[in-house]
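Values in this text are rule-based calculations from the coordinates and carry no lab data. This is a predicted model, so every value here is computed, not measured. Note that we place each Cβ from the backbone using ideal geometry, even for glycine, and neighbour counts take in every protein chain shown.
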């Protein structure tokens, strides 16, 4: 199964997963830092970089009511409007972001969080649209994204299987170029909550879709551990350095870690190989360590082969030791000297 985006990008479960560097709020409110993130993501081997297209009004109301206050987690006691005001990637920054991505030969994509954001994003003609986990029940937004008939990455944190199916049904009215991302919306996600076996569950329930991983742990371990499950993409929140005051810093990885992820993912995928059992090139020189049959004493022509006149030893020269029971009871065609290898032509 394969979804081709352009001559550089294709989601394909026969190769190493693509890496999507999610900048989100890690620009810390500075456009220059946003642009540096894009350049850095390209340099450390990411195939795609993602931003988030919203301003506070696209997500919430400017309200100080208690119901708009986050009660728990890393953003505890923060007001929704104030959180999104701090975390936003202002619309006017997008122009330079898409320019710098093109200049650095990396594919820039985004998650629109409202119809207003989507309509703004259209002018940049991104090759892919992302649907956030928290927007998976916003069926109107999903419908409008699906109408564009562009490939869709759909995160599924918090979502039930029926909710995923309902969103997919909307998209399928237009196409099925959908990569479903297994995701845990815990920030950061504890390792005991990762539960990568759900990738296999997704594959069973959604056999016509490719599966990716949106990883909110604060390390690269779960991303690498997911590779044998056949994911086609890994999304990780990305920051330039460990010291970062953004709302997303605690579940983001640094440039060094991102580089390591991109190096190791290729190695891990290479080690998976194919479902075939055949002799590998590196094994050929080790054949000397296999056993073959030798004469344990002088065997005369016409003499019966018994367990008392043959033995199994290294190296593999003549008959493989697997022939032991087959030649017991056979006769020797010629004299075989003690400690000589036994060949098929020596036995009747």
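For the reader, a short list of remarks on this structure follows.
- Cα radius of gyration and Dmax for the range 152-229 (Å): 12.6, 38
- Anisotropy class of the range 192-320 from Cα gyration tensor, a/c 1.5 cut: prolate
- Convex hull per residue volume in Å³, alpha carbons only, for the chain: 185 Å³
- Only Cα pairs under 8 Å and 6+ residues apart enter the sum, and on that basis the relative contact order of the chain stands at 15 percent.
- DSSP-defined antiparallel bridges as percent of all bridges, the range 208-348, nearest 5: 65 percent
- Share antiparallel - DSSP beta bridges, the chain, percent rounded to 5: 30 percent
- Model label zone, residue 103; criterion: amide N under 19 Å from point 7 Å along Cα-to-beta-carbon; scope the range 17-35: 27, 30-35
- Peptides 90-101, 208-219, 148-159 ordered by packing proxy, namely the average of other Cβ atoms within 10 Å per residue, highest first: 208-219, 148-159, 90-101.
- Quotient of C-alpha Rg and 2.2 N^0.38 Å, computed over the range 99-186: 1.08
- Across q = 0.11 Å⁻¹, the range 6-124 modelled as identical point scatterers on its alpha-carbon atoms has Debye log10 I(q)/I(0) values of -0.43, in the order of the q list.
- Gain in span if fully extended, residue 200 to residue 10, counting 0.36 nm per residue against the direct Cα distance: 66.3 nm
- Counting other Cβ atoms within 10 Å as a rough exposure proxy, the listed residues 174, 229 run 174, 229 from fewest neighbours to most.
- Computed from label points 7 Å out along Cα-Cβ, the spacing between residue 176 and residue 278 is 3.2 nm.
- Label-to-label distance, nm, for residues given as residue 124 and residue 85 (7 Å Cα→Cβ offset): 2.4 nm
- Shape category assigned to the range 281-346 from the gyration tensor of Cα positions, a/c cut at 1.5: prolate
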